[in-house]
Amino acid sequence: MSEPAANLETLVAEAVGAASAASSSALNDDSAVAVNSQLNRPLYQSRIKVQPKLVHGTFRRIKWLVMALTLSIYYVTPFIRWNRGPGMPDQAVLLDFPARRFYFFFLEIWPQEFYYVTGLLILAALGLFLATSVAGRVWCGYTCPQTVWTDLFVFVERLFEGDRSARIRLDKEGWSLSKLARKAGKHVVWLLIAILTGGAWVFYFADAPTLATQMVTFSAPITAYIFVGLFTATTYTLGGIAREQVCIYMCPWPRIQGAMFDEESLLVSYKDDRGEKRGPHKKGSSWEGRGDCIDCGQCVAACPMGIDIRDGMQLECIQCALCIDACDEIMDKVGRPRGLIGYDTLNNRERRKAGEPLRFRIIRPRTIVYAVALLVVSAAMLIALANRQTLQLNVLRDRNPLFVTLSDGSIRNGYGIKIINKDTAAHVFHVAIQGPEGASLAGISAEEANPTEVEIGPDALKNVRFYVSLPKDRLSALDGGLAKLSFVVTDETGRRTVSETTFRGPAQ
Amino acid sequence: MSTQKHKDEVSGVETTGHEWDGIKELNNPLPKWWIYTFYVCILWSIAYWVVFPAWPYFTSGGWKHTAGSFGYTQRGEVSAELEKVAEGRAVFLKQIDAMPIEDIAKNDSLMEVALAGGKATFADNCAPCHGSGAAGGNGFPNLNDDDWLWGGKLADIQTTVTHGIRWEADADTRQNMMPRFLDDQMLTREQINDAAEYVLSLSNKADDAEAAKRGAAVFEANCTSCHGADAKGNQELGAPNLTDAIWLYGGDKATIVTTVSHGRGGVMPAWGTRLSGSTIKELALYVHSLGGGK
């Protein structure tokens, strides 16, 4: 053990001692130590477990709601059905790797249309930038899976081991049957949650009800079990064990977010201008000449990141706003106005100091730029989606040989054409050409009754070969051995697509 | 080296006793996980020697190696994989084998297999003479066009591929002969010149109408038995059509004179002894699909 760790242990011991000494006070203070603050975390310090205390209030309620909502979306989505017609999967959201399709409600994306997904990711990134510039790390604090699952895991921990002080006590005492039962119970439930998390993930990649039955009867593909195992392990490790370390050490977002804040961003902050000078306060004594912070440590005790919000803005803070609830509870008890810790901007801090009225400038150049970018990308995506072609045509002219001379002296070119029918019904496609006068189209088999009619099933593509011939007396239409030629494909519903290519013959 | 154990004062770690210019080497042991992984690797390698081919040894017959209890060889793995592929293809190959070639052409899914197989076989066996795009060359027919020496129907192509052309080892090979009219003193140089002019006149390329007129008589007497009175050839005999735009050896006067003077006799191997029946069917279907099939 290095020196600072020993120091910290004494610190914690002192704090706990102080807590028991102060237990008679009205606040039932458990003087918390911010184990992850810069001061208490030297470079070679091993991690000290953060034991967040349960708080009650507006933001805790919002967080429960967001947790319920996001978890529901995650677990329920694969089971939503969406009718796409016969022979097509009826799962609303499905990443079908074997068939190489991505289904998202009314959308069906082929691999070559992956730019839609890119667009979606760009939208998500811009949305994140906008939200961050308006209200700081709201993504981190409320909706990030790491936050949601950690919150869920802490909730389970609280069920088995009690709240913060009970947990600290339990960890300190020796092993007993009761301790073993509590710890085992917690880990079993954690594992169950982890298995369900991994289990839900694989449902996005196969028909969910079918796979669910297969999973239970142990007849699912081995890949499914491998991925469930993988996600079980990561959920258990990241949500149960690693927790805040993921945000502090693994995640790049805390490093990037600094570029998105400015002086007008709403950030969870301690209003030091109002709170200082802090210190314990005896009931009934005057508030004159001191700040509102009574140094009760509740904000630290509630913090899932193990920091002290009063140290100011710091990388470790995910701005979950739980310290706001913790502080508001105390302010109510001591009879001071709420909001000593709250959503505040850097400029408002200055304005308060200068005695100016507070301003909340949500609309400012930075947010306008992000919002406009968001709108532009959304519009581009909508336009692209509205104009999405359900019939596509690729034409590849034979290059070996470039052209063939037939016995009557006419010139023939070969073409491989690929017709893609993205519609959910089968269609008969008529193939025609537009090119030099006299050019004729033929399929590979002369016996076929209608070689220019091609039937293609729903959501399928077909490769067909065609030959175009130009009679000897029409070869003058070639310019330097070259003429323009277009393939035109139409179906009975009136869909039409054209692909340009060339016709080659001997250069005269 | 000192025999006494010595501890470094700053770190409290034992030293190895090695010292260079006052710098002492600390004796920090390797991490436990590393050591145990190392031990496991040693055990693993011993098990590996037993179950996999590992140790070479010398016998009177030369170098050998221990076979290993699993009996694993890379060669064996490859042949097992090839067997698996062959098993997968067997379903289609059996059908192709059993079905008449004209029926395969009407079956879409079999055609897909046959064309892919035919293309690969063509690249391996036929491309050296006929070219990778089957466009042929001087003396090697272009298989894309609609001019066929021995017939362009599926069955004709299948027969040609199976038995070859002028392939002596095959009794059923396609056989004919363009006589050496000059070498065997059947015609004079003048007669050959006239005949060549006549042949050119069939495609309106003659320079000398007089000579062409004289050549018509020469042609009548010597060539019509194979090439026909109308010079359109005869696929039964493998006699080329002399009126069309396609020439195997060239359609200019000098080449025609050479052909008539010295004869021609290109050879195509019989593939029946080298390729299986189903492979030849695939090949015929592929060649037929190149655009000239009848």
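Please treat every number below as a calculation from the coordinates, not as lab data. In this text, all values refer to a predicted model and were calculated from it rather than measured experimentally. Cβ sites come from the backbone with ideal geometry, for glycine too, and all protein chains shown count toward neighbours.
Using Cα centres only, tell me the gap between region A:243-299 and region A:48-74 in whole Å. When both Cα centres are located, 19 Å separates them.
Counting beta carbons within 10 Å around each of A:Glu157, A:Glu329 and listing the fewest first gives the order A:Glu329, A:Glu157. For a straight C-alpha distance cut-off of 22 angstrom, the lysines reachable from B:Lys205 (same-chain residues fewer than eight places away being disregarded) are A:Lys472, B:Lys213, B:Lys232, B:Lys253.
Cα-Cα pairs above 28 Å in chain B: how many percent? Cα-Cα pairs of chain B separated by over 28 Å account for 62 percent. When you work out D = kT/(6 pi eta Rh) for the protein assembly as shown at 10 °C and 1.306 mPa s, using the Kirkwood radius from C-alpha pairs as Rh and the Stokes-Einstein form, the result is 44 µm²/s.
Take every Cα pair under 8 Å whose residues are at least 6 apart in sequence, average their separation, divide by the length of region A:259-415, and the relative contact order is 22 percent. Our Cα-only numbers for region A:134-261 put the radius of gyration and Dmax at 17.9, 51 Å.
Other protein chain C-beta atoms within 10 Å of residue C-beta, averaged over A:391-400: 1. Normalised by the number of residues in chain A, the mean separation of alpha-carbon contacts (under 8 Å, six or more apart) gives a relative contact order of 14 percent. Shown is the FRET efficiency for A:Val498 and B:Asp103, computed with R0 = 30 Å from the Cβ-Cβ distance and rounded to the nearest 0.05: 0.25. Normalising the average separation of contacting C-alpha pairs (under 8 angstrom, six or more residues apart) by the number of residues puts the relative contact order of region A:391-504 at 34 percent.
The calculated 222 nm mean residue ellipticity attributable to helices in chain B amounts to -14500 deg cm²/dmol, summing -39500 (n - 2.57) over DSSP H runs of n ≥ 4 and dividing by all residues. With 29 Å as the limit, write out which pairs from A:Lys49/B:Lys24; A:Lys422/B:Lys84; A:Lys418/B:Lys281; A:Lys172/A:Lys277 have Cα-Cα distances beyond it, or answer none. Exceeds cut-off: A:Lys49/B:Lys24; A:Lys422/B:Lys84; A:Lys172/A:Lys277.
Look at the stretch A:405-414: the mean tally of other chain Cβ atoms within 10 Å of its residues' Cβ atoms is 5. Our note on the geometry: Cα centres of region A:146-205 and region B:5-46, 40 Å apart.
Estimated purely from DSSP H runs of n ≥ 4, each contributing -39500 (n - 2.57), the mean residue ellipticity at 222 nm for chain A is -12000 deg cm²/dmol once divided by its residues. Take each residue of peptide B:132-145, count the partner chain Cβ atoms within 10 Å of its Cβ, and average: the result is 3. Projection of the Cα convex hull of region A:391-504, averaged over all directions and equal to a quarter of that hull's surface, yields 7.1 nm².
Please compute the net charge surrounding B:Gly164, taking Lys and Arg as +1 and Asp and Glu as -1 over other residues with Cβ under 12 Å from its Cβ. My count for the surroundings of B:Gly164 gives 0. Distance from the C-alpha centroid of region B:159-202 to that of region A:418-447: 43 Å, rounded to the whole angstrom.
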